[in-house]
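Asker: After the C-alpha coordinates below, expect a handful of questions from me.
The values are calculated or read from the model by the stated rules, or taken from the named source; none is laboratory data. Everything numeric here is computed off the predicted structure, so don't read it as measured data. Note that we place each Cβ from the backbone using ideal geometry, even for glycine, and neighbour counts take in every protein chain shown. Protein only, heavy atoms only, side chains kept; ligands, DNA and RNA dropped before computing areas. Shrake-Rupley method; radii C 1.70, N 1.55, O 1.52, S 1.80 Å.
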Amino acid sequence: MIDPDLLPIVDCGDPVLRQPAQPVDPADLRTPELQRLIAQMRVTMEAAPGVGLAAPQVGVALQLAVLQDGPERWGQLTDGDRAARERNALPFTVLVNPTLEPVDGDDLVSFYEGCLSVPGLTGVVARHRTVRVQALDQHGQPVDEIFSGWAARIAQHEVDHLGGCLYLDRVETRSLSTVDNYTERWAGRSPAVAAGALGFTLPPDNGTR
Ligand code: NI
(Lines give C-alpha, C1' and ligand atoms only; values in the text may rest on other atoms or scores of the structure.)
Protein backbone atom coordinates (compact mmCIF):
# COMPACT_ATOMS: atom_id res chain seq x y z
CA MET A 1 0.00 0.00 0.00
CA ILE A 2 1.31 3.38 -0.97
CA ASP A 3 1.70 5.73 1.93
CA PRO A 4 1.25 9.11 0.35
CA ASP A 5 2.33 12.31 1.97
CA LEU A 6 0.86 15.72 1.47
CA LEU A 7 2.90 17.81 -0.93
CA PRO A 8 3.41 21.56 -0.49
CA ILE A 9 1.52 23.59 -3.09
CA VAL A 10 3.51 26.16 -5.05
CA ASP A 11 2.09 29.71 -5.20
CA CYS A 12 2.05 32.06 -8.18
CA GLY A 13 5.34 33.86 -8.60
CA ASP A 14 7.23 30.57 -8.82
CA PRO A 15 8.58 30.06 -12.36
CA VAL A 16 7.53 26.40 -12.38
CA LEU A 17 3.94 27.62 -12.80
CA ARG A 18 4.93 29.66 -15.84
CA GLN A 19 6.88 27.09 -17.84
CA PRO A 20 5.35 24.58 -20.24
CA ALA A 21 5.52 21.23 -18.49
CA GLN A 22 7.43 18.35 -20.07
CA PRO A 23 5.60 15.35 -21.54
CA VAL A 24 5.58 12.24 -19.39
CA ASP A 25 7.35 9.23 -20.90
CA PRO A 26 4.52 6.64 -20.83
CA ALA A 27 7.03 3.99 -19.71
CA ASP A 28 7.57 6.02 -16.54
CA LEU A 29 3.93 5.38 -15.55
CA ARG A 30 5.06 1.89 -14.59
CA THR A 31 7.56 3.23 -12.07
CA PRO A 32 6.80 3.44 -8.35
CA GLU A 33 8.04 7.04 -8.37
CA LEU A 34 5.37 8.26 -10.78
CA GLN A 35 2.62 6.18 -9.18
CA ARG A 36 3.60 7.62 -5.83
CA LEU A 37 3.51 11.16 -7.24
CA ILE A 38 -0.02 10.55 -8.56
CA ALA A 39 -1.12 9.20 -5.17
CA GLN A 40 0.45 12.17 -3.40
CA MET A 41 -1.23 14.61 -5.79
CA ARG A 42 -4.57 12.93 -5.07
CA VAL A 43 -4.31 13.27 -1.30
CA THR A 44 -2.95 16.81 -1.66
CA MET A 45 -5.93 17.80 -3.84
CA GLU A 46 -8.36 16.17 -1.42
CA ALA A 47 -6.81 17.80 1.62
CA ALA A 48 -6.67 21.29 0.11
CA PRO A 49 -9.59 20.75 -0.73
CA GLY A 50 -9.62 21.25 -4.47
CA VAL A 51 -11.22 19.79 -7.59
CA GLY A 52 -8.02 19.65 -9.61
CA LEU A 53 -4.27 19.75 -9.21
CA ALA A 54 -1.55 19.90 -11.83
CA ALA A 55 1.97 18.59 -11.27
CA PRO A 56 3.59 22.04 -11.65
CA GLN A 57 1.54 23.09 -8.61
CA VAL A 58 3.61 20.69 -6.54
CA GLY A 59 6.80 21.85 -8.23
CA VAL A 60 7.01 19.04 -10.81
CA ALA A 61 7.19 20.27 -14.42
CA LEU A 62 5.42 17.26 -15.95
CA GLN A 63 2.25 17.08 -18.04
CA LEU A 64 0.19 15.38 -15.37
CA ALA A 65 -2.99 16.49 -13.61
CA VAL A 66 -5.59 14.99 -11.30
CA LEU A 67 -9.28 15.98 -11.22
CA GLN A 68 -12.21 15.07 -8.98
CA ASP A 69 -15.51 16.66 -8.04
CA GLY A 70 -18.47 15.50 -6.04
CA PRO A 71 -20.68 16.15 -3.01
CA GLU A 72 -17.72 16.25 -0.65
CA ARG A 73 -16.47 19.30 -2.58
CA TRP A 74 -19.80 21.04 -3.04
CA GLY A 75 -19.86 22.14 0.59
CA GLN A 76 -22.54 24.71 1.23
CA LEU A 77 -23.63 25.09 -2.40
CA THR A 78 -27.40 24.99 -2.75
CA ASP A 79 -28.95 22.81 -5.44
CA GLY A 80 -29.58 26.02 -7.38
CA ASP A 81 -25.97 27.14 -7.09
CA ARG A 82 -24.78 23.72 -8.20
CA ALA A 83 -27.16 23.70 -11.14
CA ALA A 84 -26.04 27.20 -12.17
CA ARG A 85 -22.49 25.86 -12.36
CA GLU A 86 -23.57 22.69 -14.16
CA ARG A 87 -21.61 20.93 -11.45
CA ASN A 88 -21.93 17.16 -11.51
CA ALA A 89 -19.93 14.34 -9.97
CA LEU A 90 -16.60 13.80 -11.68
CA PRO A 91 -14.83 10.61 -10.60
CA PHE A 92 -11.13 10.74 -9.81
CA THR A 93 -9.41 11.22 -13.15
CA VAL A 94 -5.72 11.31 -14.07
CA LEU A 95 -4.70 13.13 -17.24
CA VAL A 96 -1.22 12.49 -18.62
CA ASN A 97 0.01 14.48 -21.64
CA PRO A 98 -3.49 15.87 -22.29
CA THR A 99 -4.66 17.79 -25.32
CA LEU A 100 -7.93 19.65 -25.24
CA GLU A 101 -10.21 21.04 -27.91
CA PRO A 102 -13.52 22.87 -27.58
CA VAL A 103 -16.42 21.01 -29.17
CA ASP A 104 -19.13 23.56 -28.48
CA GLY A 105 -18.58 26.05 -31.27
CA ASP A 106 -18.03 29.10 -29.13
CA ASP A 107 -20.38 28.42 -26.22
CA LEU A 108 -18.63 30.23 -23.39
CA VAL A 109 -19.77 30.28 -19.78
CA SER A 110 -18.41 32.78 -17.28
CA PHE A 111 -18.22 31.92 -13.62
CA TYR A 112 -16.07 32.43 -10.56
CA GLU A 113 -13.13 30.11 -10.20
CA GLY A 114 -10.05 30.00 -8.05
CA CYS A 115 -6.73 28.22 -7.90
CA LEU A 116 -4.85 26.56 -5.06
CA SER A 117 -1.74 28.38 -6.32
CA VAL A 118 -3.46 31.77 -6.07
CA PRO A 119 -4.65 31.69 -2.47
CA GLY A 120 -7.25 34.13 -1.21
CA LEU A 121 -8.62 35.26 -4.58
CA THR A 122 -11.39 34.29 -6.95
CA GLY A 123 -12.49 35.76 -10.25
CA VAL A 124 -14.75 35.29 -13.24
CA VAL A 125 -13.33 33.35 -16.18
CA ALA A 126 -15.04 32.54 -19.49
CA ARG A 127 -14.58 28.85 -20.32
CA HIS A 128 -15.89 26.57 -23.02
CA ARG A 129 -18.97 24.68 -21.91
CA THR A 130 -17.90 21.43 -23.60
CA VAL A 131 -14.43 20.16 -24.44
CA ARG A 132 -12.87 16.95 -25.72
CA VAL A 133 -9.80 15.76 -23.83
CA GLN A 134 -7.38 13.18 -25.17
CA ALA A 135 -4.70 11.92 -22.81
CA LEU A 136 -3.32 8.85 -21.11
CA ASP A 137 -4.59 7.69 -17.73
CA GLN A 138 -2.42 6.63 -14.78
CA HIS A 139 -1.94 3.20 -16.35
CA GLY A 140 -0.94 4.57 -19.75
CA GLN A 141 -4.30 3.72 -21.29
CA PRO A 142 -5.81 6.20 -23.75
CA VAL A 143 -8.42 8.65 -22.48
CA ASP A 144 -10.77 10.26 -25.00
CA GLU A 145 -13.54 11.97 -23.13
CA ILE A 146 -16.04 14.78 -23.44
CA PHE A 147 -16.24 17.04 -20.40
CA SER A 148 -19.10 19.51 -19.92
CA GLY A 149 -20.16 22.12 -17.43
CA TRP A 150 -17.99 22.43 -14.33
CA ALA A 151 -15.92 19.38 -15.30
CA ALA A 152 -15.04 21.15 -18.55
CA ARG A 153 -13.99 24.21 -16.52
CA ILE A 154 -11.77 22.06 -14.31
CA ALA A 155 -10.21 20.34 -17.33
CA GLN A 156 -9.47 23.65 -19.05
CA HIS A 157 -7.99 25.11 -15.86
CA GLU A 158 -5.71 22.11 -15.30
CA VAL A 159 -4.59 21.79 -18.93
CA ASP A 160 -3.79 25.51 -18.80
CA HIS A 161 -1.48 24.83 -15.85
CA LEU A 162 0.48 22.35 -17.98
CA GLY A 163 1.07 25.09 -20.54
CA GLY A 164 2.29 27.59 -17.94
CA CYS A 165 -1.01 29.50 -17.90
CA LEU A 166 -2.88 30.56 -14.77
CA TYR A 167 -6.53 31.60 -14.57
CA LEU A 168 -5.20 35.07 -13.79
CA ASP A 169 -4.22 35.27 -17.48
CA ARG A 170 -7.84 34.78 -18.52
CA VAL A 171 -9.79 36.35 -15.65
CA GLU A 172 -12.03 39.39 -15.99
CA THR A 173 -9.64 41.46 -13.93
CA ARG A 174 -12.37 43.71 -12.56
CA SER A 175 -14.13 40.64 -11.17
CA LEU A 176 -11.20 39.63 -8.93
CA SER A 177 -12.40 39.39 -5.34
CA THR A 178 -10.91 38.26 -2.11
CA VAL A 179 -12.54 35.06 -0.97
CA ASP A 180 -13.97 37.02 1.97
CA ASN A 181 -15.62 39.56 -0.31
CA TYR A 182 -16.83 36.81 -2.61
CA THR A 183 -18.40 34.98 0.32
CA GLU A 184 -19.97 38.13 1.70
CA ARG A 185 -21.17 39.70 -1.53
CA TRP A 186 -21.28 37.40 -4.54
CA ALA A 187 -21.70 33.80 -3.43
CA GLY A 188 -25.09 32.46 -4.41
CA ARG A 189 -25.70 35.30 -6.86
CA SER A 190 -25.43 35.37 -10.61
CA PRO A 191 -22.10 36.69 -11.92
CA ALA A 192 -24.25 39.28 -13.70
CA VAL A 193 -24.85 41.01 -10.36
CA ALA A 194 -21.13 41.30 -9.72
CA ALA A 195 -20.56 42.35 -13.33
CA GLY A 196 -22.90 45.29 -12.88
CA ALA A 197 -21.41 46.33 -9.56
CA LEU A 198 -17.73 45.85 -10.43
CA GLY A 199 -17.83 46.87 -14.09
CA PHE A 200 -16.96 43.83 -16.17
CA THR A 201 -18.73 42.14 -19.02
CA LEU A 202 -20.09 38.64 -19.52
CA PRO A 203 -20.81 36.67 -22.69
CA PRO A 204 -24.33 37.31 -23.99
CA ASP A 205 -26.85 34.84 -22.49
CA ASN A 206 -24.24 33.73 -19.97
CA GLY A 207 -25.19 30.54 -18.23
CA THR A 208 -28.17 29.83 -20.44
CA ARG A 209 -28.47 27.99 -23.67
NI1 NI B 1 -5.11 26.06 -10.47
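Asker: Can you name the condition, by its number, that GLU46 falls short on among (1) in contact with a Cys (Cβ under 9 Å, 6 or more places away or on another chain); (2) in a helix (DSSP H, G or I)?
Answerer: With (1) in contact with a Cys (Cβ under 9 Å, 6 or more places away or on another chain); (2) in a helix (DSSP H, G or I) applied to GLU46, the lone miss is (1).
Asker: Considering only residues that are open to solvent by less than 40 Å² (accessible area, probe 1.4 Å) and of a type in the set (Val, Ile, Thr), look in the stretch 32-59 and name the one that is farthest from the ligand (Cβ to nearest atom).
Answerer: So the residue we want is ILE38.
Asker: Within the stretch 84-100, does at least one residue satisfy the condition of being within 16 Å of the ligand (Cβ to nearest atom) and at positive phi?
Answerer: So far as the stretch 84-100 goes, no, none of its residues is within 16 Å of the ligand (Cβ to nearest atom) and at positive phi.
Asker: Moving on to the next point. Do you know which of the residues in the stretch 60-85 that are in a helix (DSSP H, G or I) and more than 15 Å from the chain's Cα centre (by Cα) is surrounded by the most Cβ atoms within 10 Å (Cβ to Cβ)?
Answerer: ALA84
Asker: Hey, could you check the stretch 154-201 for residues that are within 16 Å of the ligand (Cβ to nearest atom) and of a type in the set (Asp, Glu) and say which is surrounded by the fewest Cβ atoms within 10 Å (Cβ to Cβ)?
Answerer: ASP169
Asker: Enumerate the pairs (first residue in the stretch 97-126 and without any contact (Cβ under 8 Å) to a residue 60 or more places away in the chain and closer than 15 Å to ARG170 by Cβ; second residue anywhere and away from the ligand (no atom under 16 Å from the Cβ) and open to solvent by 10 Å² or more (accessible area, probe 1.4 Å)) with beta-carbon separation below 6 Å, excluding pairs fewer than 6 apart on the same chain, so at least 6 apart or on different chains.
Answerer: PRO102/HIS128
Asker: In the stretch 86-96, which residues are open to solvent by 40 Å² or more (accessible area, probe 1.4 Å) and under 23 Å from LEU162 (Cα atoms)?
Answerer: Correct list: PRO91, PHE92.
Asker: If I ask for residues that are crowded, with 23+ Cβ neighbours inside 10 Å, under 21 Å from THR44 (Cβ atoms) and either acidic (Asp, Glu) or within 13 Å of the ligand (Cβ to nearest atom) (or both), which ones from the stretch 123-153 would you list?
Answerer: ARG153
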